[in-house]
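Below is one structure, written out as structure tokens; the observations come after it.
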Amino acid sequence: MYMKPPPWLMPFLFMCSACALSCCSAEGAHDAKKTADTAKPASDLVAIYRRIILGDGMSWVLFRNGTCFIVMEPGSDLRQQAIDSMREWGPVEAGTPQGDFGVTALTDYPGFVVTGWHPDMLVYVSPEDAGSNADDLTIGLLGRARRDQDAHELQVIHVEDNRARRD
């Protein structure tokens, strides 16, 4: 099922390609050919999310398989906030809204962002991971599989605390 892009992404979908993202979406159901194991190394993912998350004041938490949780209302413990949200909103349940996803093609960086039921949870999928002929459905299923794996493992690999920049 098609998912609207998350609210933090919406203002940027209609800006010029020098400062924003563009959106494409798909729906359907068939098995992804790749597994969540193909996620990029932590240092690469941190650099990628720093580039694609717009806004200096955004704090976020990165999980082992590449799921990033944007902390829109930061509390005292960003890591625990993200784990609690991932535990509740991350697991995939096919045939329910928790199985839905949206695919956003990035314009200024190669790759895609896969979103899900929770608007502040996303997964980066590189063109290499997606494959040369991958369609939005395949990319979405790969990102969704990574989110599901993160929801079960709950292993945080990075916390980007930008609360001081928000004030």
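The values are calculated or read from the model by the stated rules, or taken from the named source; none is laboratory data. Treat the numbers as computed from the prediction; the structure is a model and nothing was measured. All Cβ positions, even for glycine, are placed from backbone atoms using ideal geometry, and neighbour counts span all protein chains on display.
Name the one entry in CYS68, CYS23 that is surrounded by 14 or more Cβ atoms within 10 Å (Cβ to Cβ) and at pLDDT 90 or above.
It is CYS68.
Scanning segment 113-134 for residues that are charged (D, E, K, R) and more than 17 Å from ASP100 (Cβ to Cβ) returns GLU128, ASP129.
Given the condition assigned to a loop (DSSP other than H, G, I, E, B), among the hydrophobic types (A, V, I, L, M, F, W, C), at pLDDT 80 or above and over 15 Å from VAL113 (Cα atoms), answer yes or no: does some residue in segment 28-39 qualify? Scanning segment 28-39 turns up no residue that is assigned to a loop (DSSP other than H, G, I, E, B), among the hydrophobic types (A, V, I, L, M, F, W, C), at pLDDT 80 or above and over 15 Å from VAL113 (Cα atoms). In segment 95-107, the residue that is farthest from LEU154 (Cα to Cα) out of those that are surrounded by fewer than 19 Cβ atoms within 10 Å (Cβ to Cβ) and without any contact (Cβ under 8 Å) to a residue 40 or more places away in the chain is GLY95. Residues of segment 48-97 that are in contact with a helix residue (DSSP H, G or I) (Cβ under 6 Å, 6 or more places away or on another chain) and small (Gly, Ala, Ser): GLY57, SER59, GLY66, GLY75, GLY90.
For every residue, the table says whether it meets (1) in contact with a Gly (Cβ under 7 Å, 6 or more places away or on another chain); (2) in contact (Cβ under 8 Å) with a residue 12 or more places away in the chain.
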{"position": "GLY55", "(1), (2)": "no, yes"}
{"position": "MET72", "(1), (2)": "no, yes"}
{"position": "SER76", "(1), (2)": "no, no"}
{"position": "VAL113", "(1), (2)": "no, yes"}
{"position": "VAL123", "(1), (2)": "yes, yes"}
{"position": "GLU128", "(1), (2)": "no, no"}
{"position": "ASN133", "(1), (2)": "no, no"}
{"position": "LEU142", "(1), (2)": "no, yes"}
{"position": "ILE157", "(1), (2)": "no, yes"}
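Within the option set GLU88, GLU93, GLU128, GLU160, being over 17 Å from ILE52 (Cβ atoms) and modelled with pLDDT of 90 or more holds for one residue only, GLU88.
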